[in-house]
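To keep things clear, I will list the structure first and then write my remarks on it.
We did not get these values from a lab; they are worked out from the coordinates using the rules stated. Nothing here was measured: the structure is a model prediction, and the numbers come from that model. Here the Cβ positions follow ideal geometry from the backbone for every residue, glycine too, while neighbour counts run over all protein chains shown.
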Amino acid sequence: MRQMKASHRENTSPRDPAPSRLSYRYQRLLLTPLFRTFLRVGLPMGAAFTLGMAVLGNADNRDAIALRITEIRNSIEERPEFMVKLMAIDGASPEVNGDIREIVPIDFPLSSFDLDLEEMRLTIAELDAVASAEVRIRAGGVLQIDVIERIPSVVWRGPQGVELLDNTGHRVGALIARAERPDLPLLTGEGAELAVPEALDLFAAAEPLASRVRGLVRMGERRWDVALDRNQRILLPEENPVEAIERVIALDHVQDLMARDLVVIDMRNQNRPTVRLAETAVTELRRIRGQVLGDTTQ
Amino acid sequence: MMTNLYESQRAMRNMRKAAMQRGVVAILDIGTSKVACLVLRFDGPEHFGEQDGIGSMAGQSSFRVIGAATTRSRGVSFGEIDAMQETERAIRTAVQAAQKMANVRVDHVIACFSGAQPRSYGLAGEIELQDSVVTEQDIARVLSACDMPDYGQGREVLHAQPVNFAIDHRSGLNDPRGQIGNRLAVDMHMMTVDSTAIQNLLYCIKRCDLELAGLASSAYVSGVSSLVEDEQELGAACIDLGGGATGLSIFMKKHMIYSDGVRLGGEHVTSDISKGLQVPLTVAERIKTFYGGVVATGMDDREMIEIGGETGDWEHDRRTVSRAELIGIMRPRVEEILEEVRARLDAAGFDRLPSQQIVLTGGGSQIPGLDGLASRILGQQVRLGRPLRVQGLPQAATGAAFASSVGLCLFAAHPQDEWWDFEIPAERYPARSLRRAVKWFRDNW
């Protein structure tokens, strides 16, 4: 009985508050800054690295992970919300519309993730007849293509045949014959396509002669000739050609210049406009002069 | 023997420097009744650079207490370790709790203890100056010229502080360097303690994976913390009434000039109560702290104290005593302690000092009415001292019982120059030292 009581008392004696050597050392270790940093940073990183290496070290696991990723990706991409069902083209003429459908061949329905809109836009914009294009996916799974077409403003007879150019000189399309677009002015000559804006200015200035103008000829890639019917030509200077053409028109108004039998009106020298008469006119002129002077040789 | 002491003390100083560099140092007050551990962080404005004198806020702005823990002391009696395993556990408990509070690991510890039979010696040395200007080497020489008393086998020098320098007929110099004269004299106060006590302490601290960065006598450090500045300057005695030992230190001109210990303390009062009232020591301690006193009044006859007990005997367990009886038990023992202190003070010649101020501190000084009793025995100028306030010290550790802990903080922040902090005289250098060669050149050319 006494023995039991003693042991019982021992058990209920107040606990020793002192930490054991082991727990004391452990606590000190945990308070060491380097060790704490290691625990907080190094250990999780190391564990994650080891785990990752162990899993990814196996080729089967890698494949399974890649497969799973593609599966998830596909399941998201092929949701009906992301499917594109048809293409709508606005602002394009029927020919351009056909061209666009030809160069952007898409098998609908298609996931919008598989569409490279920027690439598509660049392809469409590369068409000669297209000034700019805008491609977007509209609500309801519609691939919307908004096209602004180039407006042909001149006909250019170049080395490859007759072509249409817009007002910046960019090719719009080919023509089989000039007669297809008689409403547009004609350009020709080497380098004519590079000076289309200037040519348009000249056409605007030559409006009073419009019925007679057959076209503009680029000479030596630097200046223009205005070709008129009846094989007449106006040679324009390199600089201020519009002014020169206006002077010709003024002369025409005053002296009815164009109705006369001229071959060439040379305006290349601003200070000295020159005309070349046709051969019959020259002989006629000489004859008249002979009469006036009383020359009796003839 | 001397070089050995030099080396060990210098090693401790280097350790202290390393601890300051790291910024964290622990204070360990190993007392008979409690082990207190404070963790200090040195990061104040005066962290780097030793400046002249003592900095702002008495040099306390340089550190902050970030952890404090106290535990009941075990295995310590009369201020000395006598059961090492138990003491080691107590130290571990205190250090761990303080570390936990501070949330830093401490490796360096500065310790103090009260017992180990401190003995004080006054040393005097005198030399002729070689070239009229006092240099560091001259100070080293004069310190080593002190006649070393035979303090006996098995004792170790704990403090050795130069207290006073004199050049020719001018005395009372604090720092004679650079002054001109013919003869340099020094007065030094040396304190020795039992070396086994130090070895035991070293062993315990080593077992706790700590490094000792300094060692001080608790009588000295409680004087540092409880005497105000003018008391230290004009002369005063600090009496640290501890649990198992009472330390006394006499200060003058900001230096400790005498220190002694009485191997009596508060635990003796407790054991008297325990024996007198037939109660366990823990109950006696509780009764002492709650109802204790040394001056009985008429009221105390009527105030009855339940003593209690757990024997099962109703009569025995319902005993009561009057407070007057308790005081009757306590008073003779307290008187005995104070008488003993008086005898030590008389032996030291304290009555011939210009100022007779006595400051009572330590846990024992909290007995109500002690100042009245002490002024009857020790003289009129007695006051109760509480330690300085230091930054971050918890409220629970600001009482008189923590005088030596706080003093140790101040000691850690600003230790007084001791013998081993000065240069080693050239004669003591090893034979092939470069400095010795330089000295030889200087002497011969």
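Taking chain A as a Gaussian network of alpha-carbon nodes connected by springs under 10 Å, the highest mean-square fluctuation of the residues A:235, A:143, A:251 belongs to A:251. Couplings for the stretch B:178-183, taken from phi via the Karplus curve 6.51 cos²θ - 1.76 cosθ + 1.60 with θ = phi - 60°, read x, 7, 10, x, 10, 10 Hz in order; Gly and Pro are left as x. Of the residues A:282, A:250, A:195, the one whose Cα sits farthest towards the positive end of the charge dipole of the stretch A:147-298 is A:282 (charges of +1 on Lys and Arg Cβ, -1 on Asp and Glu Cβ, taken about the Cα centre). Roughly what would the spin-label model give for residue A:270 and residue A:288, points 7 Å off Cα along C-beta, in nm? Simple spin-label model gives 3.2 nm for this pair. Once the Kirkwood radius over Cα pairs is known for chain B, the Stokes-Einstein relation at 4 °C and 1.567 mPa s delivers a diffusion coefficient of 56 µm²/s. Near residue B:309, once Lys and Arg are set to +1 and Asp and Glu to -1 for all other residues with Cβ below 9 Å from its Cβ, the sum equals -1. Against the empirical curve 2.2 N^0.38 Å, the C-alpha radius of gyration of the stretch B:198-298 lands at a ratio of 1.40. The string of couplings for the stretch B:122-129 from the Karplus curve (6.51, -1.76, 1.60, θ = phi - 60°) is x, 10, 9, x, 8, 9, 7, 6 Hz, one whole number per residue in order, with x for Gly and Pro. Proximity of backbone amide H atoms, modeled 1.01 Å from N, is registered between residue B:33 and B:243, B:244 at under 5 Å, excluding neighbours fewer than 5 places apart on the same chain.
Evaluated with a Cβ-only charge set (Lys, Arg +1; Asp, Glu -1), the stretch A:168-230 carries a dipole of roughly 160 debye about its Cα centre, given to the nearest 20. Among B:259, B:249, B:195, whose mean-square fluctuation peaks in a Gaussian network model of chain B (Cα, cutoff 10 Å)? Looking only at B:259, B:249, B:195, the largest GNM fluctuation is found for B:195.
In this structure, the amide hydrogen of residue B:163, modeled 1.01 Å from its nitrogen in the peptide plane, lies closer than 5 angstrom to those of B:187, B:188, B:189, counting only residues at least 5 positions away or on a different chain. Taking every DSSP bridge with both residues inside the protein assembly as shown, close to 75 percent are antiparallel. Counting only other chain Cβ atoms within 10 Å of each residue's Cβ, the peptide A:17-29 averages 5.
Label separation (residue A:64 vs residue B:395): 6.3 nm, computed from points 7 Å beyond Cα along the C-beta direction. With the convex hull constructed from alpha-carbon coordinates only, the stretch A:249-298 shows a mean projected area of 4.6 nm² over all directions. From largest to smallest, the equivalent ellipsoid semi-axes obtained for chain A from the alpha-carbon gyration tensor read 95, 26, 15 Å. Per the Kirkwood formula applied to alpha carbons, the protein assembly as shown shows a radius of gyration over Rh ratio, Rg over Rh, of 1.51.
Taking the Cα centre as origin and putting +1 on Lys and Arg beta-carbons and -1 on Asp and Glu beta-carbons, what dipole magnitude results for the stretch A:201-295, to the nearest 20 debye? Could you put the intermediate results ahead of the total?
On the way: 15 positive and 16 negative charges, 64 e Å.
Roughly 300 debye, rounded to the nearest 20.
Evaluating 6.51 cos²θ - 1.76 cosθ + 1.60 at θ = phi - 60° for every residue in the stretch B:287-292, the Karplus couplings come out as 4, 4, 6, 7, 10, x Hz, glycine and proline recorded as x. For the stretch A:93-216, taking Cα atoms only, Rg and Dmax work out to 18.3, 59 Å respectively. For residue A:158, nonlocal amide neighbours, meaning residues 5 or more places apart or on other chains whose placed amide H falls under 5 Å from its own, are A:163.
When you filter the trypsin sites (Lys or Arg not before Pro) in the stretch B:256-321 for DSSP loop state and at most 12 other Cβ atoms inside 10 Å of their Cβ, you are left with B:318.
Note on residue B:229 and residue B:319: the model spin-label points, each 7 Å out from Cα along the C-beta direction, lie 5.3 nm apart. Rounded to the nearest 20 debye, the dipole size of the stretch A:159-200 about its Cα centre is 100 debye, using +1 on the Cβ of Lys and Arg and -1 on the Cβ of Asp and Glu. Taken over the Cα atoms of the stretch A:37-133, the convex hull encloses 188 Å³ per residue. Looking at the stretch B:144-224, the trypsin sites (Lys or Arg not before Pro) that sit in a DSSP loop and have at most 16 other Cβ atoms within 10 Å of their own Cβ are B:177.
In this calculation the C-beta distance from residue B:18 to residue B:295 is compared with R0 = 45 Å, giving a FRET efficiency of 0.35.
Comparing A:31, A:186, A:285 in a Gaussian network model of chain A, where Cα atoms under 10 Å apart are tied by springs, the biggest mean-square fluctuation is seen for A:31.
Taking GluC sites (Glu not before Pro) in DSSP loop states with no more than 11 other Cβ atoms inside 10 Å as exposed sites, chain B has its longest site-free stretch at B:51-309.
A full extension of the chain between residue A:221 and residue A:88 corresponds to an added length of 43.6 nm, given 0.36 nm per residue minus the alpha carbon distance.
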